[in-house]
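I have placed the structure first, in the form of structure tokens, so that the comments after it can refer back to it.
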Amino acid sequence: MPMAELKVHSRKESLPKELLYPLKAGELAAAFQPKITRDAHLDLSFHRTQAYWKEQRDRIQEEGRYTLARCTYYTRGLHLRSWGHAPWAHEERPQVITANVLAIPRAVLPKGSSIHAAASSLVCEAVAVLVPRGLPRLTQRGQMEDDAWHFELELDSSVHLLRAKLQPWTGGSFGLQTVECPLTPEVDPQSHPQTDVSDSDQDPT
């Protein structure tokens, strides 16, 4: 049986030298590829700014909390902005993960740390928690569940901590879980981050 294919559609804004993207398209795709059970699309955008409004950007810089990535998925495609000209427009019940990667200042990273290795490792951990039975998630009879989830990967530069905020659909609401790992020169990308689980009814949108 052939392996399911993850088709990556990527758009990237150019950056000045003082900024960098904390994840590469291949790193994000590598986290999802082992989990897909049928052909799927990764609709990925790279943005140079953390927020549209200057007041929000100033607050982010003051607090030192930067968003690295956001990913959203609904089995029924409720998160998709447009079907008409999308690469998956001709497909019946297309499986689409939408994702954004946001640039961060190089100056906020601890010297000698590897943001790509640490962020990629944490994304893999987050995806494993969100879709333990594969994507799309299947019932015991092999049918697709009404699945949905959202997660955000952020950096708290004041304490050099990476945190993934996971919001999987629990059947009636969005629960909240977090996965964390330190960003230090000694970080081991193969180490197992700590997972903290708490209940919440927050909607990712």
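Things worth noting here:
- Couplings 3J(HN,Hα) for region 152-160, derived from phi with the Karplus relation 6.51 cos²θ - 1.76 cosθ + 1.60 (θ = phi - 60°), are 10, 9, 10, 10, 9, 6, 5, 10, 6 Hz, where x marks Gly and Pro.
- Chain lengthening between residue 133 and residue 89 when straightened (0.36 nm per residue, less Cα-Cα): 13.2 nm
- Surface composition of region 1-143: carbon and sulfur atoms hold 50% of the protein heavy-atom accessible area at a 1.4 Å probe.
- The alpha-carbon of residue 111 sits under 23 angstrom from the alpha-carbons of these lysines, leaving out residues fewer than 8 places away in its chain: 17, 24.
- Accessible heavy-atom area order of 52, 74, 66, highest first, probe of 1.4 Å: 52, 74, 66
- Cα gyration tensor category, rounded, prolate or oblate, for the chain with a/c compared to 1.5: prolate
- Dipole-positive endmost among 185, 46, 73 within the chain (Cβ charges, Cα centre): 46
- Rounded accessible area per residue of the chain, 1.4 Å, Å²: 55
- For region 38-154: rounded, prolate or oblate by the Cα gyration tensor [a/c cutoff 1.5]: prolate
- Per residue of the chain, the DSSP helices (runs of n ≥ 4 H) give a summed -39500 (n - 2.57) that works out to -5000 deg cm²/dmol at 222 nm.
- In a reduced charge model with +1 at each Lys and Arg Cβ and -1 at each Asp and Glu Cβ, the chain shows a dipole moment near 600 debye about its Cα centre.
The values are calculated or read from the model by the stated rules, or taken from the named source; none is laboratory data. These numbers were taken from a predicted model, which means no experiment stands behind them. Positions of Cβ are generated from backbone atoms using ideal geometry, with glycine treated the same way; all protein chains shown enter the neighbour counts. SASA here: full protein model, heavy atoms, side chains in, ligands and nucleic acids out. Shrake-Rupley method; radii C 1.70, N 1.55, O 1.52, S 1.80 Å.
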